[in-house]
Amino acid sequence: MSDFIPLRVAVIGCGNISGAYGSSLKTKPELVQIMGAFDVVTDQAKAFVNNYGGRVYEKIENVMADPEVELVINLTSHHAHAEVSSMALIAGKHVHSEKPLSTKREDGKRLLELAEKHKVRLSCSPFTFLGESQQTVRKVIHEGIIGKPLIAYAEMNWSWIELWHPNPEGFHQPGAGPMLDVGVYPLTILTAILGPVVKVLGYAEILLPERTIGSGPKAGTKYKVTTPDQVIGILTFASGCVVRVTTNFFGFSRQGGIEFHGETGSLILDTAVDFGSKITVRNIGDSDWRTIPFIAEPFGGVEWGRAVFELAESLRKGTPQRCTGQQAYHVLDICLSILDSAEKGCAIPVESTFIPPPSRY
């Protein structure tokens, strides 16, 4: 019989993404035990615990005061991430937050400081760089399959988010937008593979200034877009590689992957999200593209609990923590620097750095 004690977690924020987390966490009760949930809309918390277990916390303070809760999973809106994570860290809880880590640099720095001060772990999405496909790309690039990477292109064109999300307004406000919401996916993969970024050049515009909610109880409601819905960043990595990342919240696009081009060939990862994304490579002298086999049997789609599962094993067994607050802060700094650059009209340095996580395989 295993002596592994499941990590006891509570969810704060039971909105659109909580079902994906709840469903995934339930698949590994040997690693994680759901103690309960809190949401400012009590009915949403009730629905979560009815489906995934635990109890409803009537107040957020009750979560923080519960000695049984070891980890808070922060699934609140972008603008609440820093406040909720701060409360949990001060209460001595480990934290896994949805992306972004915060919406301001000063808040992100404070979270890192609080985690260190209270000797607790800080984890943050995106975690898709832990997928089997993404880890395969990391391995083969580090082994030199295309030589030294010189340039890369990443696309996260995420369509009209207001068509499917019942509360899309926050995605179009300062502190969110496409780079902070979905650009963080390829940025996290790219930094995990290529290391830290040292300089960025940004371009950003509001192209569709008014949106109409397309689903849910507020369907038909119009609202204003107050942060750029098209953001492009040109990144210079410490390694010398130059990367272009394109993000937007409109348009139907088949582009959602990452292309790496190196001294001796090119490699394409079809998507930055799916753990079983197809990988193809073509080297100088090849007549066609060839498919790269996965480093391990991939999970079908996205395993939403993966960062939490890995954190549970890290806390219990001492294995590496791969989703770190340091990388999440660096990605936040990159995003904000791109927006700053777009506003100033010039390239600007990225002050933060981090140590890339070790391979999962």
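Any read-out appearing in this document is the output of simple, stated calculations on the displayed coordinates, not a laboratory observation. All values reported here derive from a predicted model rather than from experimental measurement. Cβ placement follows ideal geometry from the backbone for every residue including glycine, while neighbour counts extend to all protein chains displayed.
Rounded to the nearest 500 deg cm²/dmol, what is the calculated helix-only ellipticity per residue at 222 nm for the chain, with -39500 (n - 2.57) per DSSP H run of length n ≥ 4?
Calculated at 222 nm, the ellipticity per residue is -8500 deg cm²/dmol.
In percent, how large is the relative contact order of region 7-124, given Cα pairs closer than 8 Å and 6 or more residues apart?
About 24 percent, as a whole number.
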Practice task
Output the DSSP H helices from the chain with an along-axis C-alpha extent of no less than 27 Å and a mean Kyte-Doolittle hydropathy no less than -1.0.
Solution key: 325-344
Handout entry: Cross-link reach list, aspartates and glutamates versus Lys26, counting only Cα pairs under 13 Å and skipping chain neighbours closer than eight places
Key = Glu303
Completion exercise
Listed by chain and number, the aspartates and glutamates with an alpha carbon less than 19 angstrom from that of Lys93, same-chain partners under 8 positions apart left out, are Asp39, Glu58, Glu61, Asp66, Glu68, Glu70, Glu83, Asp107, Glu113, Glu116, Glu310, Glu313
Problem - Residue (of Val140, Leu267, Met156) at the positive-pole extreme of the chain, dipole from beta-carbon charges - result: Val140
Problem - For region 323-358 and region 210-280, distance of Cα centres in Å - result: 17 Å
Handout entry: Cα gyration tensor of the chain - equivalent ellipsoid semi-axes, whole Å, descending
Key = 32, 25, 20
Practice task
Whole Å is fine, so just give me how far the alpha carbon centre of region 117-166 lies from that of region 1-56.
Solution key: 25 Å
Problem - Dipole in debye (nearest 20) - region 7-124, about Cα centre, beta carbon charges: Lys, Arg +1; Asp, Glu -1 - result: 280 debye
Handout entry: Spread of Cα-to-Cα distances over 5 Å intervals beginning at zero, given as percent, for region 44-89
Key = 5, 19, 27, 29, 17, 3
Practice task
Can you tell me the FRET efficiency between Glu83 and Lys148 if r is taken as the Cβ-Cβ distance and R0 is 25 Å, rounded to the nearest 0.05?
Solution key: 0.05
Exercise for the section: Provide the packing ranking of 179-187, 7-15, 194-202, 108-116, i.e. peptides ordered by the mean count of other C-beta atoms within 10 Å per residue, highest first. Expected result: 179-187, 7-15, 194-202, 108-116
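Hey, what's the Kirkwood Rh for region 149-280 if you take every pair of different alpha carbons, in angstrom? If you can, show how the numbers build up before the last one.
Details: mean 1/r = 0.0641 Å⁻¹.
Evaluated over region 149-280, this radius sits at 15.6 Å.
Provide the gained length on full extension for the span Lys28 to Ile90, in nm with one decimal, where the gain is 0.36 nm per separating residue minus the Cα-Cα distance.
Going from the current span to full extension adds 19.5 nm.
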Handout entry: Value of relative contact order over region 168-268, rounded to a whole percent, pairs C-alpha under 8 Å and six or more apart
Key = 29 percent
Fill in the blank from the handout: Computed on Cα atoms, the radius of gyration and Dmax of region 7-124 in angstrom are 13.1, 37
Exercise for the section: May I ask you to derive the relative contact order of the chain, considering only C-alpha pairs under 8 Å and at least 6 residues apart, and to give it as an integer percent? Expected result: 19 percent
Fill in the blank from the handout: Computed for the chain: size of charge dipole around the Cα centre, +1 on C-beta of each Lys and Arg, -1 on C-beta of each Asp and Glu, debye to nearest 20, value 260 debye
Exercise for the section: Express as a percent, rounded to the nearest 5, the fraction of DSSP beta bridges in the chain (both residues included) that run antiparallel. Expected result: 55 percent
Completion exercise
Sorted on mean Cβ neighbours within 10 Å (highest first), peptides 300-309, 31-40, 219-228, 333-342 come out as 333-342, 31-40, 300-309, 219-228
Practice task
Could you size up the charge dipole of region 268-327 around its Cα centre, putting +1 on the beta carbon of Lys and Arg and -1 on that of Asp and Glu, and report it in debye to the nearest 20?
Solution key: 220 debye
Problem - 37 °C / 0.692 mPa s Stokes-Einstein diffusion coefficient of region 150-214, Kirkwood radius on C-alpha pairs, µm²/s - result: 238 µm²/s
